[in-house]
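> I am attaching a structure below and will ask some questions about it afterwards.
Derivation of every value follows stated rules applied to the coordinates shown; laboratory data play no part. The model shown is predicted, which means the values in this text are computed figures rather than measured ones.
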Amino acid sequence: MRALVNYSDAPNSVELLEVDRPTPEAGQVLIRVRATGVCGSDIHTWKGPVSWTINRPMVIGHEYAGTIEEVGPGVVDWKVGQRVTGETAAEVCGTCSYCRTGNYNLCPQRKGFGALYNGSMAEYISVRQEILHSVPEEISFEEAALTEPAAVAFNAVFVKSKIIPGDTVVVIGPGTIGLMALQMVRQGGPATVVMIGLTKDQARLELAESMGADRIVYADKEDPFVLVMQLGDRLGADLVIDAVGVRSTILQSQAMVRPNGQITKIGWDANPFSETLDPLVAKAVTFQGSFSHTWPTWERVLRLMALKRIDTKSMFSTFDLEQWETAFTLMDDLSIAKAVLIP
């Protein structure tokens, strides 16, 4: 089968190759991939090197939807031909305290697709039955491939954070996760949602405005702090969702959040942070990370998608798997918000 393979940590070490089709093991199903999303992590892998461990050679990709082609021994409740999508935790131990309490996304032995387990940018992928979800007929395969980033955003906004109708909420970064977080925040009845980006993000910021952002801020043209402190009771944002996560956005978050407010950081950054975090103490701020998702989150996201409460169609452009490099390049230079590959 055709698959997009990362074979080295050197830049540009991704290639479309012919590899063996996986065989489903006990408790697994084989999915014929009909659509697979391109994540920022896939682009980082292509540009290389990355800060996380990859078991190379590795088929990349972890956002997928398709139909069940084959079921392995011991599979129950799943049949050939069903429309499905699946989570990113390819393997977990199943016995640690996190797995036993349903927080398997934090399992120390977790292996994710596209890094430690062959991923979805291929014609077929083997997936354990515990992380499968049925895709309603109202949702296309291309839309279903975006369930994963939507679940990341849902987890950050509704599981990790506390949002109350009437809140002032700031989302930093109009990438896929930021745009999804914006749409999740809108479900919570905020008074005002502010989306912050840069001039180079203009196309994505315009998309954010069409998705319900009340105020758009180009942070390289105006100070977001000044705008945010003019909203509501002028004490700052109740919740800041940082979908970028670099030094400058951490500092912005500390400045804009109100006393007793929340900062939820989704974005990654391997660079050291040398500034003081004392403003978090002085304001008694809740500062937290949000990682991945679990089964209940996926079910809720799929319900919202089926009800058309989340707009994914406006976010993505589709490409054949052979056009992967074009898709990666257009996402990397911010020409498009999201690419979906069709194997």
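> What lysines does LYS308 reach when the alpha-carbon gap must be under 30 Å and sequence neighbours fewer than 8 apart in one chain are set aside?
Cross-link targets: LYS79, LYS160, LYS162, LYS200, LYS265, LYS338.
> Please label the shape of the range 153-289 as rounded, prolate or oblate, based on the square roots a ≥ b ≥ c of the eigenvalues of the alpha-carbon gyration tensor (a/c under 1.5 means rounded; beyond that, a/b larger than b/c means prolate, else oblate).
Numbers: a/c = 1.29, a/b = 1.13, b/c = 1.15.
Because its axes are fairly even, with a/c under 1.5, the range 153-289 counts as rounded.
> LYS111: which aspartates and glutamates have alpha carbons under 19 Å from its alpha carbon, excluding same-chain residues fewer than 8 sequence positions away?
Cross-link targets: ASP9, GLU25, ASP42, GLU63, GLU87, GLU91, GLU130, GLU148.
> For log10 I(q)/I(0) by the Debye sum over Cα atoms at q = 0.09, 0.16 Å⁻¹, the listed values are [x] -0.55, -1.46; [y] -0.63, -1.26; [z] -0.48, -1.43; which was obtained by calculation from the structure presented?
[z]
> For the chain, with a Gaussian network of springs between Cα atoms less than 10 Å apart, report the residue from ILE196, ILE139, ILE172 with the top mean-square fluctuation.
ILE139
> When the Karplus curve 6.51 cos²θ - 1.76 cosθ + 1.60 is applied with θ = phi - 60°, which whole-Hz ³J(HN,Hα) does each residue of the range 227-243 get, with x for Gly and Pro?
In residue order, the calculated couplings are 5, 4, 6, 9, 8, x, 8, 6, 9, x, 7, 5, 9, 10, 9, 9, 9 Hz.
> Starting from the Cα-Cα distance between ASN260 and SER314, subtract it from 0.36 nm times their residue separation and give me the gain in nm to one decimal.
Stretched out fully, the ASN260 to SER314 stretch lengthens by 15.9 nm.
> Please check: in the Gaussian network model of the chain (C-alpha springs, under 10 Å), which one of THR199, THR45, THR85 has the largest mean-square fluctuation.
THR199
> Roughly speaking, what is the centre-to-centre gap between the range 268-343 and the range 115-156 when only Cα atoms are used, to the nearest Å?
Between the Cα centres of the range 268-343 and the range 115-156 lies a distance of 14 Å.
> Right, another one. Could you calculate the contour length gain from GLU130 to ASP278, that is, 0.36 nm times the residue separation minus the distance between their Cα atoms, to one decimal place in nm? Could the numbers behind the result be given before it?
Working: separation 148, 0.36 × 148 = 53.28 nm, distance 4.26 nm.
Once the chain is fully extended between GLU130 and ASP278, it gains 49.0 nm.
> Taking a ≥ b ≥ c as the square roots of the Cα gyration tensor eigenvalues, with a/c under 1.5 meaning rounded and otherwise prolate when a/b beats b/c, else oblate, which class fits the range 19-127?
Verdict is oblate for the range 19-127.
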